[in-house]
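Following: one structure in structure tokens, then a few remarks.
The values are calculated or read from the model by the stated rules, or taken from the named source; none is laboratory data. Note that the coordinates shown come from a computational prediction; the quantities given were computed from them, not determined experimentally. Quick reminder, even Gly has a Cβ in these numbers, built from the backbone with ideal geometry, and neighbours come from all protein chains shown.
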4 protein chains.
Amino acid sequence: MSHQVDSAILLIHCPNTKGVVAAVSKFIFDYKGNILEMDQHVDPDENHLFMRVRWDISQFEIPRDEIVDVFSNKVGIHFGMKWRFHFKDAKLKMALFVSKFSHCLYDILQRYKSKEWNVEIPLIISNHPNLEYIANQFDIPYYVIPITKENKIEQEAKELALLDEHKPDFIVLARYMQVLTENFINHYPSKIINIHHSSLPAFPGARPYHSAHRRGVKIIGATSHYVTTDLDAGPIIAQDVERVTHKDSVKDLIRKGKDLEKTVLSQAIWLQLQHKILPYKNKTTVF
Amino acid sequence: MSHQVDSAILLIHCPNTKGVVAAVSKFIFDYKGNILEMDQHVDPDENHLFMRVRWDISQFEIPRDEIVDVFSNKVGIHFGMKWRFHFKDAKLKMALFVSKFSHCLYDILQRYKSKEWNVEIPLIISNHPNLEYIANQFDIPYYVIPITKENKIEQEAKELALLDEHKPDFIVLARYMQVLTENFINHYPSKIINIHHSSLPAFPGARPYHSAHRRGVKIIGATSHYVTTDLDAGPIIAQDVERVTHKDSVKDLIRKGKDLEKTVLSQAIWLQLQHKILPYKNKTTVF
Amino acid sequence: MSHQVDSAILLIHCPNTKGVVAAVSKFIFDYKGNILEMDQHVDPDENHLFMRVRWDISQFEIPRDEIVDVFSNKVGIHFGMKWRFHFKDAKLKMALFVSKFSHCLYDILQRYKSKEWNVEIPLIISNHPNLEYIANQFDIPYYVIPITKENKIEQEAKELALLDEHKPDFIVLARYMQVLTENFINHYPSKIINIHHSSLPAFPGARPYHSAHRRGVKIIGATSHYVTTDLDAGPIIAQDVERVTHKDSVKDLIRKGKDLEKTVLSQAIWLQLQHKILPYKNKTTVF
Amino acid sequence: MSHQVDSAILLIHCPNTKGVVAAVSKFIFDYKGNILEMDQHVDPDENHLFMRVRWDISQFEIPRDEIVDVFSNKVGIHFGMKWRFHFKDAKLKMALFVSKFSHCLYDILQRYKSKEWNVEIPLIISNHPNLEYIANQFDIPYYVIPITKENKIEQEAKELALLDEHKPDFIVLARYMQVLTENFINHYPSKIINIHHSSLPAFPGARPYHSAHRRGVKIIGATSHYVTTDLDAGPIIAQDVERVTHKDSVKDLIRKGKDLEKTVLSQAIWLQLQHKILPYKNKTTVF
């Protein structure tokens, strides 16, 4: 079927210069690739260029494992590009962190199990044992690593060791109720996706639905973002909202919020799996 | 037509006690009114009761100008009620304040002129002459009262004098770019509706679209609220949102935001005209 | 906690007459109930009255099992009312029908298992064995009853026998891909909730996402409704939509649609569990 | 300012072949253009390619009036391309058709007058005199051309003559309540934008809000589309929706619908002015 051609994806950003699109598309054409999607824009404030291109590689004349090198030499270095290269059909590995809430976890695992997503989940890490039964339902290893203020550094070291063993392409905090240390975050820059149970930047930090209720807002939201060392201030990937009324108690806000959280988190994961997100400074380009 | 029966509206709040609905509905029934809409709820946190009732008064046995007194004696005082009473067909008077942006003003005046709203607009006050031509198009008196830091108190006195002359039922700040003084606000408690060009509480104060752009949000919003002496912190009436992407510049956010602003402001005015908003403490019940 | 008082709910409709609200609220007051929520409106086209009232029965002077009779004698029969009476804390029984798609099923079972919903699921019926493993994960009996054009009547008889045994309060078709016979539907009038994978009435029948894609719509939707003998034409309970673009293939529409389906179906079930839906003729009042 | 560079826009579609992006971007680069935005995708069902590119022409080495010819010879004819070429700063001419409703008209004229849009409105044509006063407010010629079943052909001839004189780039039917003849439409293929006061294809034809109310939908919509000889079946440009409840009468649906109509129509006009819409067969690519 036409949707399932072999294809490769480049996510590129570089200072804005003439000839970038021409150089990239010539490179692809010269080696008999066929561009399926190309999306490029220049941020006029930063004078910086962002691009995503996906091309059919079924007749591409560069062997799969040499594409990166050839592209780098022929194109990348001449424009000061930063880029990520992916094969569309490659199955990514995603590590999950959870605490006690099951709504995001089941939403993710249903998509994984039904093959809506082409993804592998090598492990689930939690600071609580509560959701282990779900991991068992889906035959995924579940590691309980309780965290206290005192033991956080050594427990994170265990987590990092586990991750190091499984080498996930990215990490998803599916309502993981712990703040990660700077050290942990620096091991996975732009590779940790969090769901914040509120619109950012309206209600950062803890108990945002209580704050929203106290303020009497008529709309609540949820925000998925990359984790940076700035709490709840990393690049935003996706947001969604839902209407609430005076009849909604805090409990109702939490209930409605859960629906937003799982939707917005799964949307971010989908974009990540499609290689559609390009973070730069404190923002994302979502192609 | 059935939609156009003569009807009266009571907006009530009081401490939660047994028998409130029974007393109100008995009062209406005893005098041969027919309830068309009744909406009541108890806020369990405050243990406070809120109610809106509209009833057909075409056969009501209390003369129009005595209803308030009879209700007060027979029902209101026994439950410590605060209430507002309105006839649905009464045309309200709305004063407008504007500065230089025309989008909310035209949106309001189109609804006024096409009789979508049953409202009278006795005057428009502005700190700039720019929109006078629009007032002229619609034959509405337009008063230019420039405001500086130095003259604000005396200029507001002129505004208050003008308002005192025209006795508006409520005031709409249709992108009026001045902060009102506490003195002014206290003359019109819960009677001044503002449109804030952003989701509250995310981006209070000036230049919210610039802040939103800098933060890289994926959703922007607008908020209509009653003006209190707490800047941008009054009871929220209505909110709406729109999606934005990395392609949207600050200019685009401002453009998209204008559409939200006029929609959300006009929605608040509509609710006000229907007597559907009941402010209490820092929140609204919107029936 | 204040949210968890014992309460009772009446859903009422009757021809519009004076005194209905007064009679109902007097009944509640006379026996020492305290109204927590009351929502009443009159449809002016039908001149028909709809009402939902919930009241605190912790001090109610009529024994639980006599409330219906007393209400009937004292109020109901005098106004030609039809009503349903419920205790808020009563756990309802919900039967599930599924075929091969797991997204709605997991969404429902996560809410069930996490106690977001106060519901019992005595059985799952399917025309396919595919999802049995999920039923096993949650320890719910799963009955495979394959349907062909030839055996539909006898197989439905088996289903009806199973249901008769378990006596569910209502039935949810969670992407059950079979049209029920008139006979089956007549056993459960206004008690079968279906999710249609499209906005109704835009795309009734089979393969609606293919039709939507062919038409080039920019918004897709999903619709939950009560099943009537008119295919896809029963009273609508809830709808939601999502934006799509020219980049979305049929496969993308199906993927995005699944998110809508599970959200909209679960919203309908939530409303059903809260006794907030009152179907009348071909529409619903959703309080 | 960086947003206001001189730029040119090409909207292209052609059969999918290797080298299209390379050829277009090389053309731009060779003559010293700088690509600011490029968006390309291949429809896998049609195996057809769609592209929009905008580039900085401040140093472009082809004179403005020769770009089309050079592009055609160097690129266009080699790929069987259809394309449209525009300068971003060129002010377009838009003709308006109206009947009796003013909401879309004021919304358009406010944007025109406040320079939100870079557009010229040479004339307004109507089958009724009702809105002439608005045209006068904005100093735009207003032609009343009443239409009956009998005179439609000759009256349309007058309209075509007027249009021929003013040469608009496109025509907007701002709630114009007449069906155009095939002859008229064929004079302006893909150049007439209509607003349908409903979600399409749910409720085509007349009185869609009455149909929506009768069906008891919980969401209403509006649809802007290009006019083709197939009534209400032309390529959809933009859609939006709003929630409604059982409390909304037909009159409320009409009122809420008007807000959708003006928003969705103005969104389509904005996209048209930005040269972001590429119609092909019965669909649009909206870049």
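For the stretch B:242-279, give me the residue count where each residue is within 9 Å of chain A (Cβ to nearest Cβ) and outside any helix (DSSP H, G or I).
Here the count works out to 6.
Which of the residues that make up the stretch B:201-218 are outside any helix (DSSP H, G or I), charged (D, E, K, R) and facing chain A (nearest Cβ under 9 Å)?
B:Lys218
Given (1) at the interface with chain C (Cβ under 10 Å from one of its Cβ atoms); (2) surrounded by fewer than 17 Cβ atoms within 10 Å (Cβ to Cβ); (3) out of contact with any Ser or Thr (no Cβ under 6 Å at 6 or more places or on another chain), where does B:Pro44 come up short, assuming only one miss?
(3)
Only one of these conditions is not met by D:Glu116: (1) within 30 Å of D:Ala8 (Cβ to Cβ); (2) within 13 Å of chain B (Cβ to nearest Cβ); (3) not in a loop (DSSP other than H, G, I, E, B). Which number is it?
Exception for D:Glu116: condition (3).
Here is a yes/no grid of residues against (1) over 27 Å from the mean Cα position of the chain (by Cα); (2) within 24 Å of D:Asp248 (Cβ to Cβ); (3) facing another protein chain (nearest Cβ under 7 Å):
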| residue | (1), (2), (3) |
| --- | --- |
| B:Ser58 | yes, yes, no |
| B:Val68 | no, no, no |
| B:Phe71 | no, no, no |
| B:His78 | yes, no, no |
| B:Trp83 | no, no, no |
| B:Ala90 | no, yes, no |
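Is it fair to say A:Gly221 is out of contact with any Lys or Arg (no Cβ under 7 Å at 6 or more places or on another chain) and more than 10 Å from chain B (Cβ to nearest Cβ)?
no
Might you let me know whether the stretch C:152-161 holds any residue that is surrounded by 17 or more Cβ atoms within 10 Å (Cβ to Cβ), within 14 Å of chain A (Cβ to nearest Cβ) and in contact with a strand residue (DSSP E or B) (Cβ under 8 Å, 6 or more places away or on another chain)?
no
Here is a check on your reading of the model: is C:Thr229 assigned to a loop (DSSP other than H, G, I, E, B) and of a type outside the set (A, V, I, L, M, F, W, C)?
For C:Thr229, the condition - assigned to a loop (DSSP other than H, G, I, E, B) and of a type outside the set (A, V, I, L, M, F, W, C) - is met.
Any chance the stretch C:58-75 includes a residue that's in contact with an Asp or Glu (Cβ under 7 Å, 6 or more places away or on another chain), closer than 26 Å to B:Pro15 by Cβ and not assigned by TED's automatic domain parsing to the domain that holds C:Gln272?
The initial filter retains those residues of the stretch C:58-75 that are in contact with an Asp or Glu (Cβ under 7 Å, 6 or more places away or on another chain), namely C:58.
Adding the requirement that they be closer than 26 Å to B:Pro15 by Cβ leaves C:58.
Adding the requirement that they be not assigned by TED's automatic domain parsing to the domain that holds C:Gln272 leaves C:58.
Checked against the condition, which is being in contact with an Asp or Glu (Cβ under 7 Å, 6 or more places away or on another chain), closer than 26 Å to B:Pro15 by Cβ and not assigned by TED's automatic domain parsing to the domain that holds C:Gln272, the stretch C:58-75 yields at least one hit.
For D:Ser25, are the conditions met, namely being surrounded by 15 or more Cβ atoms within 10 Å (Cβ to Cβ) and in contact with a helix residue (DSSP H, G or I) (Cβ under 6 Å, 6 or more places away or on another chain)?
On the way: surrounded by 15 or more Cβ atoms within 10 Å (Cβ to Cβ): yes; in contact with a helix residue (DSSP H, G or I) (Cβ under 6 Å, 6 or more places away or on another chain): yes.
Yes; evaluated as a whole, the condition is true for this residue.
Can you confirm whether the stretch A:148-171 contains a residue that is modelled with pLDDT under 95 and of a type in the set (Ser, Thr, Tyr)?
For the stretch A:148-171, residues modelled with pLDDT under 95 and of a type in the set (Ser, Thr, Tyr): absent.
Are there helices (runs of 4 or more DSSP H) fully within the stretch A:126-196 with at least 2 residues that are in contact (Cβ under 8 Å) with a residue 12 or more places away in the chain and within 21 Å of A:Phe101 (Cβ to Cβ)? List them.
Hits in the stretch A:126-196: A:132-137, A:152-166.
From A:Ile193, A:Ile134, which residue is of a type in the set (A, V, I, L, M, F, W, C) and either modelled with pLDDT under 95 or under 20 Å from the mean Cα position of the chain (by Cα) (or both)?
The conditions single out A:Ile193.
Hey, among B:Leu49, B:Leu96, which residue is surrounded by 21 or more Cβ atoms within 10 Å (Cβ to Cβ), without any contact (Cβ under 8 Å) to a residue 40 or more places away in the chain and touching a strand residue (DSSP E or B) at 6+ places or on another chain (Cβ under 9 Å)?
On the way: B:Leu96 fails: without any contact (Cβ under 8 Å) to a residue 40 or more places away in the chain.
Residue meeting the stated conditions: B:Leu49.
Please work out which one of (1) touching a residue at least 40 places away in the same chain (Cβ under 8 Å); (2) more than 10 Å from chain D (Cβ to nearest Cβ); (3) over 19 Å from D:Thr223 (Cα atoms) is the condition C:Asp230 fails and give its number.
Single failed check for C:Asp230: (1).
Please indicate, with yes or no, whether at least one residue in the stretch C:102-116 is touching a Phe, Trp or Tyr at 6+ places or on another chain (Cβ under 6 Å), at pLDDT 95 or above and of a type in the set (Val, Ile, Thr).
So far as the stretch C:102-116 goes, no, none of its residues is touching a Phe, Trp or Tyr at 6+ places or on another chain (Cβ under 6 Å), at pLDDT 95 or above and of a type in the set (Val, Ile, Thr).
Output the residue which, of all residues in the stretch C:61-80 that are out of contact with any Pro (no Cβ under 7 Å at 6 or more places or on another chain) and part of a loop (DSSP other than H, G, I, E, B), is farthest from C:Phe29 (Cα to Cα).
The qualifying residue farthest from C:Phe29 (Cα to Cα) is C:Pro63.
Which of (1) more than 14 Å from chain A (Cβ to nearest Cβ); (2) in contact with a strand residue (DSSP E or B) (Cβ under 8 Å, 6 or more places away or on another chain) is the odd one out, the single condition D:Ile35 does not satisfy?
Among (1) more than 14 Å from chain A (Cβ to nearest Cβ); (2) in contact with a strand residue (DSSP E or B) (Cβ under 8 Å, 6 or more places away or on another chain), D:Ile35 violates only (1).
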